[in-house]
1. Please list, ordered by chain and number, the residues whose modelled amide H lies under 5 Å from the amide H of Gly172; skip anything fewer than 5 residues away on the same chain.
2. What is the count of Lys pairs in the chain whose alpha carbons sit under 24 Å apart, if the two are 8 or more places apart or on different chains?
3. I want the antiparallel fraction of DSSP beta bridges within the stretch 143-251, as a percent rounded to 5.
4. What chymotrypsin sites (Phe, Trp or Tyr not before Pro) does the stretch 1-76 have in DSSP loop regions with at most 15 other beta carbons within 10 Å?
5. Give the calculated FRET efficiency between Ser25 and Phe189 to the nearest 0.05, with a Förster radius of 51 Å applied to their Cβ-Cβ distance.
6. What distance in nm separates the simple spin-label points at Asp276 and Ala162, each placed 7 Å from Cα in the Cβ direction?
7. What are the ³J(HN,Hα) couplings of the stretch 90-107, residue after residue, when phi is run through the Karplus curve with 6.51, -1.76, 1.60 and θ = phi - 60°? Round to Hz, x for glycine and proline.
8. Quick check: net charge around Ile196, other residues with Cβ under 14 Å of its Cβ, Lys/Arg +1 and Asp/Glu -1?
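All of the numbers you see were taken from the coordinates with simple rules; none came from a lab. Bear in mind that the values here come from a model prediction, so they are computed numbers and not experimental data. Cβ coordinates were reconstructed from backbone atoms using ideal geometry, including for glycine residues, and neighbour counts include every protein chain displayed.
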Amino acid sequence: MDDVFLKLSEIQERSGAFIALYDGSDCLRFANRAFREAYFIEPDETPLWADLMRRNFAAARGTVIRTHAFEEWLVSTQSRRGKVGFRAFETDLADGRWLWMTETVDDNGWMLCIASDITSIRAAERKVRQDRDFAMKVAQTDELTGVANRRFVLARAEDVIAKAAALSKSVGCLAILDLDNFKYINDRFGHAAGDIVLRDFARKIHGQVRRLDSFGRIGGEEFALVLPATRLEEAELIVGRMLLQVRQSRPLRGNAEFTYTFSAGISEVRGNDTLDTLYERADKALYCAKLGGRDRIQVEKPTEGEPAAVG
């Protein structure tokens with residue numbers, strides 16, 4: 001068996017395919033020679049994907065990133081990266097090569113990336129597919145904040161629900177996050193300030209989202225956080241850290257005294273859930289958090305005669 005793994009390693013290293021493996025924190029753990037050369041990675045390096053993209057963008061090499069605002073591009077891309085079990089797309093490199101890239105993600109968030117050089121395909125055909133991929137990205141992204149939109153993040157909740165139904169047990173949680181007193185912020189400081197706060201909130205939460213989690217704006221000042229393979233107790237701790245982070249934020253320049261908070265309701269996926277029932281319980285918990293004084297988390301409490309989550 002050792003000989004088989006050794007041979008596999010040798011073939012991967014010599015292969016013309018681009019092969020890389022990222023762990024659940026999006027840290028590169030393996031890359032063959034073709035991948036390292038294409039993305040300018042030293043043999044002993046293990047960079048985070050975000051840092052690798054950042055430095056290659058600054059040097060105008062590696063993946064072609066068509067933006068003048070890299071950090072905004074990064075948030076938008078990370079909101080969708082690694083959130084589904086398999087994804088295939090096309091991308092181009094600064095040296096003129098065109099790649100067909102696949103991403104396969106396991107239940108622990110490890111991602112296997114395999115790409116093939118498809119430069120020989122006619123440029124006109126590539127342009128059509130590139131436009132298609134761009135349209136898909138726009139359709140899954142909230143225009144104001146750059147994070148995933150309602151369609152994308154609730155589809156990830158449905159993925160968790162489907163898995164719970166197949167296993168007949170809880171396999172995750174849904175948290176609804178809502179900014180406190182947002183109407184007052186708009187009325188007192190103006191809608192432009194309100195937009196700044198929404199973008200700041202999205203950036204603060206996005207920075208703490210794990211690889212397998214999905215975070216997006218579902219409307220107005222309301223956001224959703226899907227937490228696969230997470231029990232209520234752990235979900236409450238995760239959102240609690242987010243509360244602390246947001247409390248410390250000072251997003252309005254020239255107004256160092258301005259602060260804002262959010263409230264959250266969390267429900268656990270059950271084997272017989274639909275998106276409507278899961279969302280309704282999280283929304284009820286959020287309502288209780290608001291009634292309880294805001295700037296807090298409320299975990300769902302089963303009503304009398306209602307079964308608790310299993311698993």
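1. Ala229, Thr230, Val269
2. For the chain, qualifying lysine pairs total 16.
3. Details: 12 of 13 bridges.
Of the beta bridges lying entirely in the stretch 143-251, close to 90 percent run antiparallel.
4. Working: sites: Phe5, Phe18, Tyr22, Phe30, Phe35, Tyr39, Phe40, Trp49, Phe57, Phe70, Trp73; in loops: Phe40.
Loop-located and lightly packed - Phe40.
5. Working: r = 37 Å, r/R0 = 0.72.
So the FRET efficiency works out to roughly 0.90.
6. So the two model labels end up 2.0 nm from each other.
7. With coefficients 6.51, -1.76 and 1.60, one gets 10, 8, 10, 9, 5, 7, x, 6, 10, 10, 9, 10, 10, 10, 10, 10, 8, 5 Hz.
8. Working: positive: Arg188, Arg199, Arg203, Lys204, Arg250, Arg253; negative: Glu72, Asp195, Asp200, Glu221.
Here the charged neighbours net out to +2.
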